[in-house]
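The values are calculated or read from the model by the stated rules, or taken from the named source; none is laboratory data. Being a predicted model, the structure only gives us computed values, none of them experimental. Here Cβ is always computed from backbone atoms with ideal geometry, including for glycine, and neighbour counts include all displayed protein chains. Side chains included, ligands, DNA and RNA excluded: accessible areas come from the protein's heavy atoms. Shrake-Rupley method; radii C 1.70, N 1.55, O 1.52, S 1.80 Å.
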Amino acid sequence: SIEVHTQHRGASSASRCITSSQASGVAPLDAADVFTTLADCSAVVGMHPDGATEAIVDFALATDKIFAVVPCCVYSAFFPRRRGCDGRPVTSYDAFVKYLVEKAPDRIGVATLPFEGKNKVVYSLPAPQTCLCLPCS
């Protein structure tokens, strides 16, 4: 399922959830609605998002959204064209995390979360701040 939370300054939080039952129902999700919803969000988060992990990172990088994903399965059979900077296929969890970071090493960080199992979070780093102010006198 995809759950989107939006919050605007001074306004209450709104939530939109697209569940797998909706996704497998009679009417398919409208791609334009999904894109608009994601384009309007402030951040993109994926907790063990399976095959959507790389798409979340790519979307966030392309649209300058902050993001965090906790990858789970690599799905190397579904993504046979994935290659690390060394040219090797991405077939392990650690290689997948490295592959995601290699997309934009200056914009992506990795941390380990305090639980068992697949617990590495790949996240966007803050943009460098450019100070345009003059020194205080």
Per-residue SASA entry for V45, accessible area with 1.4 Å probe, Å² rounded to 10 = 110 Å²
Which parts of segment 47-69 would a label at K118 reach, counting a residue when its backbone N lies under 18 Å from a point 7 Å out along Cα-to-Cβ?
-> 47-59, 68-69
Expected field for T112, accessible surface area in Å² at 1.4 Å probe radius, rounded to 10, holds 100 Å²
